[in-house]
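Before any comments, here is the structure.
Derivation of every value follows stated rules applied to the coordinates shown; laboratory data play no part. This structure is a prediction, so every number in the text was calculated from the model and none was measured. Please note: Cβ atoms are built from the backbone with ideal geometry, for glycine as well, and neighbour counts cover all protein chains shown.
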């Protein structure tokens, strides 16, 4: 099999896009060893791909809830279907500092997570992809709205007293 110039260019563009997208992409084997670590993850973790590839995700990030993530990944691999978590269920998987200028009041980045199975050519799931979305703006806005609604309810209760 030979690779022509068009295929090489397409591959280069794809890699460039995956490195620059504003979503964390982490590919791990079923043994939880990191295989791919994109630019978003490098930027927010301070760990380069070269420093984390081949390492256990749990060794690199000991605060990740091992039992919880293992159950999620095992389910994804066994059922060959995606799993999702929102910041409301678990505020984050990776405890990254909040680097957003507008929502700088939050200590950490709120995250939604998608776990996708990655099958080999035989159809058997060999790896999973963790997609980490920064939803700090959404979480901060919703919490502010809930706080304002609670204050309005308190004012209404006291006003009728």
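On C-alpha positions alone, give me the angle between the axis of helix 66-79 and the longest principal axis of the chain, in degrees, nearest 10.
60
Per DSSP H run of at least 4 residues, take -39500 (n - 2.57); add these up for the chain, divide by its residues and hand me the 222 nm value, nearest 500 deg cm²/dmol.
Value at 222 nm, helices only: -13500 deg cm²/dmol.
For region 42-100, what does the alpha-carbon gyration tensor say about shape, rounded, prolate or oblate, given a ≥ b ≥ c as the root eigenvalues, a/c under 1.5 as rounded, and a/b over b/c as prolate?
Oblate shape, in that a/c is at least 1.5 and b/c is the bigger or equal ratio.
Tell me, how many Å apart are the Cα centres for region 101-161 and for region 84-100?
7
Sorted from fewest to most neighbouring beta carbons within 10 Å, what does the list 78, 109 look like?
Least to most surrounded, the residues fall as 78, 109.
On full extension of the chain, what length is gained from residue 6 through residue 21, given 0.36 nm per residue of separation minus the C-alpha to C-alpha distance?
3.2 nm
Relative to the longest principal Cα axis of the chain, at what angle does helix 136-160 sit, 0 to 90 degrees, rounded to 10?
20
Please give the FRET efficiency for residue 68 paired with residue 143, using the beta carbon to beta carbon distance and R0 = 30 Å, rounded to the nearest 0.05.
After rounding, the FRET efficiency stands at 0.85.
What is the chain's relative contact order, in percent, from Cα pairs under 8 angstrom and six or more apart in sequence?
20
Working out 0.36 nm times the residue gap between residue 48 and residue 106, then minus their Cα-Cα distance, what length gain in nm do you get to one decimal?
Value of the extension gain: 18.4 nm.
Determine, from the Cβ-Cβ distance of residue 82 and residue 153 and an R0 of 30 Å, the FRET efficiency 1/(1 + (r/R0)^6), rounded to the nearest 0.05.
Values: r = 38 Å, r/R0 = 1.25.
About 0.20, to the nearest 0.05.
In what order do 147, 142 fall by count of nearby beta-carbon atoms within 10 Å, going from fewest to most?
Working: 147 10, 142 14.
With the fewest neighbours first, 147, 142 line up as 147, 142.
Beyond 24 Å, what percent of the Cα pairs of the chain remain? Walk me through the numbers before you get to the answer.
Details: 5938 of 12880 pairs.
Considering the chain, 46 percent of its Cα-Cα pairs are separated by more than 24 Å.
Stokes-Einstein at 37 °C, 0.692 mPa s, Kirkwood radius from Cα pairs: D for region 69-136 in µm² s⁻¹?
Taking Rh from Cα pairs, D becomes 252 µm²/s.
Report, in degrees rounded to the nearest 10, the 0 to 90 angle that the Cα long axis of helix 5-20 makes with the longest principal axis of the chain.
The answer is roughly 30 degrees.
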